[in-house]
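Input: a single structure, listed below in structure tokens.
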Amino acid sequence: MRKFRPLMLSVALAATAVTPSLQAEESAQLPLEELRMFAEVFGRIKSSYVEPVSDRQLLEDAIRGMVAGLDPHSSYLVPEDFSSLQEHTSGRFGGLGIEVGMKDGMVHVISPIDDTPASRAGLQAGDLIIKIDDAPVQGMGLDEAVDLLRGEIGTSVRLSILRESKEAPFEVEIERAAIKSSSVKSRLLADGYGYVRISQFQANTGEELAEAIAKVSEKEPLKGLVLDLRNNPGGVLQAAVDVSDAFLNEGQIVYTEGRLDRSELSFDARTETQVDMSTPLIVLINGGSASASEIVAGALQDQKRAVIMGTQSFGKGSVQTILPLAGDRGVKITTARYFTPSGRSIQAQGIVPDVVVERRSLNDADTPAVELIRERDLAGHLENGDESKPVAEELNAEDFQLYQAYTLLKALSIVSSR
């Protein structure tokens, strides 16, 4: 018996070790009933559909539907989709210049991109496209709708738009163009007060941001900075990390969690910054700020580095990965969720601003009924010598949210200097 005990024990251990793998095998088995149903539907379409359909077409459509059914951001990529995706992240692509998704069976404008035909035509985040030319969008897949929006450069497309602030749909005709978008723009709001806008996160956005900050601070050190991420639909994750790192000298920026080993990532700030940590920073967001924009806003908010101002962001807190397939095809599928440094998931929630400022414009109805007389109203008054219009008045007229950000930025600058 002594001789047999070790053998019996080793067999028992082997049995316990094999059991989980057997269970994994059983759980990995394909459901036969559903496969039979798939084969039956496949056969019925082949024999009964009004027109002949090739096996290749049916199988590709099945794959496309399987991936699209996962979530709004996963898709099956044929070779031309690969090319389009690469152009988009590199900053050069053709079309109208809008980031879109599906909502209630219609194409939902997530954000128009700056200096593109869509933004010049006045499209806004939240618009619903209900018709493309004469084709109703209801019932279309997103890929099909995007194919209709794209076309030869110089051709036009007519869109029927449903906007919440309008009582009835209206039409907009837009000419397609080659989209060459620089992701970062900058200017001075006033001496010492900088403004930087990031329209989307591309591979070189971090470098462009460094150049923009150098430009607005070349004459004198910054007293304050507004970072505008409104209507920014997101883009490259690493670019969001680079932008956040420009304003942080320590701490976590973002981390991701998923089922793949390579989807478990964490990014921390480096000690070098492009803007002094004592410089007041305000970040503008709205409902068109998504994905990478929310990573930046969430990191700066959690690290208490910036005041977040505007309206609640879009709420896309997931990471997509391109998985290559044979034949120059691939799938773009959601592989992880991302979290802000405090552990917040942005998915379907978004970033809530520290200071809520709705999009609006001031007009005569907002001014007092009786205005006090000032020196400049008196006949024959001496001129100041500087006829330039005050910055506050210009901002108030063109962008109420930016005006509010500038006002708060000046207050923070005064307080910090004291």
Inset, instruction - Take each of the peptides 191-199, 272-280, average the number of other beta-carbon atoms within 10 Å over its residues, and list them starting from the highest. - result: 191-199, 272-280
Inset, instruction - Output the peptides 346-353, 212-219 sorted from most to least packed, where packing is the average of other Cβ atoms within 10 Å over each peptide's residues. - result: 346-353, 212-219
Legend entry - Bridge type composition, the range 175-290 - antiparallel percent by DSSP, nearest 5: 50 percent
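Quote the charge dipole size of the range 144-218 about the Cα centre in Debye, to the nearest 20; the model charges only the Cβ of Lys and Arg (+1) and of Asp and Glu (-1).
Numbers: 10 positive and 13 negative charges, 24 e Å.
Magnitude of the dipole: close to 120 debye.
What's the magnitude of the charge dipole for the range 184-356 around its Cα centre, counting Lys and Arg as +1 and Asp and Glu as -1 at the beta-carbon? Answer in Debye, nearest 20. Walk me through the numbers on the way to the answer.
Values: 17 positive and 20 negative charges, 117 e Å.
Once rounded to the nearest 20, the dipole reads 560 debye.
Bear in mind these aren't lab numbers, they're just calculated from the coordinates by the rules spelled out. Predicted model, so just to flag it, every value in this text is computed and none were measured. Methodologically, a virtual Cβ is constructed for each residue, glycine included, from the backbone with ideal geometry; neighbour enumeration extends over all protein chains shown.
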